[in-house]
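To start, the structure under review is shown below, and the notes come after it.
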Amino acid sequence: MVLACFFVLLDTTVTLAGGSWWPVHPDKLAWAMLALQALADASLVARRRAPMLVIAILTGFTLLISLLISPAGALTPANLANVWAPYGTVLAAYGPFYYCKDRRTAFAAVGMMTLVAARIWDPSAGVFTIAVLRTAVGPLLALYFSARHEMLQALRDRAERAERERYLLAEQARAEERARLAGEMHDVVTHRVSLMVLQAGALGITATDEATRRAAEELRAAGVQALDELRDLVGILRTAPEDDEAPATAGLAELVAESTAVGTPAELVEQGDPALASPVVGRTAYRIVREALTNVRKHAPGAHVVVQVSYGESQVALSVRNTAAPVPAADGLAATGSGLGLASLRQRIELVHGTLHAGGTPDGGFCLEATMPSYVPTAEPAA
């Protein structure tokens, strides 16, 4: 509105001062056209919503005043060499290029206004030059500000995209850390707590006094409850498998000894040189055996377990086979599984391009077999 009022005052002042089409002896028609020129300039208020309409109004007024002067002869300007188009055409020519997406229509509209302002039916070099310069200022400014706006918008979009990518990377890092913690709790804490539960159960059976048996049963019940709560927590945290710093093949003997100590006899049979297995393969083998022994203690307590590991130059073959359970599994301990153990192992083995098979055996037991390449590159330095 301020700009529209400015051009109304500017064109009125310039016209009355003789800088445009104002005659030496104005009559009622001249005053009427002056008022109509003010209304045409006032249409600049709508230049954002309807830039083409504003162009049409100012072009129409310029054409009308030109025809009234020549050939109609109704008005006789004091200076015939002036440009009769209002100065409002400068701002009107700006609108189509900045607010409209169709540049062809904008060029056509501004070109038509330029031809009318230059009075091509009555050619004059001075009038033509001034008219072209006047109508070219708006489009040039519009193109500049439009390009500047697009550049700033591109920079803002790039900054927002970088911020979103940084947020997604942070979310990914948090998810990976949660997965690592979940894997650690499932594979380490569950293994140790299940040993405690079995030892407490054995102590409750062999203890001679009632107080010891009661304490052992409370300890066993607390361990079962802890495993059950850990299962729920792992279910929340687990999203993807993640390698960790688990012991390698050197820890298999300790796992077998722990299992035997709590009443699940286990035997380790190794063939070949364990040094043939790369560190990541060794850690994966350790996880497989640990998960298998934990499942045997949960679902087949007292069953005999045979762990066989064959180290070759091209592949490592591992199997964990247990016989049928001599006694039914305790309901409390068997129900503490998270259901993610074998799925996690399968994902880990696929990461090293290995295979995993698990299922029951004809004698009522269970067998878990895995085959992995002996060498998988890692970032660890050689020993």
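Tabulated data
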| quantity | calculated |
| --- | --- |
| Calculated FRET value between Ala324 and Ala257, using beta carbons and R₀ = 25 Å, to 0.05 | 0.60 |
| More than 16 Å apart - percent of Cα-Cα pairs taken over segment 1-92 | 49 percent |
| Whole-number D in µm²/s for segment 90-176 (Stokes-Einstein; Kirkwood sum over Cα pairs; 25 °C, 0.890 mPa s) | 154 µm²/s |
| Fraction of alpha-carbon pairs over 18 Å apart in segment 275-333 - percent | 42 percent |
| Gain upon complete extension [Leu16, Phe145; 0.36 nm per residue less C-alpha separation] | 43.1 nm |
| Label-point separation in nm, Leu155 to Asp363, each point 7 Å along Cα→Cβ | 7.7 nm |
| Residue-by-residue Karplus 3J(HN,Hα) for segment 27-36, coefficients 6.51, -1.76, 1.60, Hz, glycine and proline x | 10, 4, 4, 5, 5, 5, 5, 5, 5, 5 |
| Euclidean distance between Cα centres, segment 148-221 to segment 28-65, Å | 74 Å |
| Segment 1-103 - percent of accessible surface contributed by carbon and sulfur, probe 1.4 Å | 70 percent |
| Residues in segment 57-77 reached by a label modelled at Asp122 [backbone nitrogen below 14 Å; 7 Å Cα→Cβ] | 62-77 |
| For segment 128-141, Karplus couplings with θ = phi - 60° (6.51, -1.76, 1.60), whole Hz, Gly/Pro x | 4, 5, 5, 4, 5, 5, 5, 7, 7, 4, x, x, 5, 5 |
| Peptides ranked, highest mean first, by Cβ atoms within 10 Å: ranges 74-82, 190-198, 131-139 | 190-198, 131-139, 74-82 |
| DSSP bridge orientation in the chain - percent antiparallel, rounded to nearest 5 | 80 percent |
| Neighbourhood net charge (13 Å Cβ-Cβ; Lys/Arg +1, Asp/Glu -1) for Thr361 | -1 |
| The chain: translational diffusion in µm²/s, Stokes-Einstein, Kirkwood Rh over Cα pairs, 10 °C, 1.306 mPa s | 56 µm²/s |
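The values are calculated or read from the model by the stated rules, or taken from the named source; none is laboratory data. From a predicted model like this one, the values you see are computed outputs, not experimental measurements. No Cβ is skipped: glycine too gets one built from the backbone with ideal geometry, and neighbour counts run over all protein chains shown. All accessible areas refer to the heavy atoms of the entire protein, side chains included, with ligands and DNA or RNA removed. Shrake-Rupley method; radii C 1.70, N 1.55, O 1.52, S 1.80 Å.
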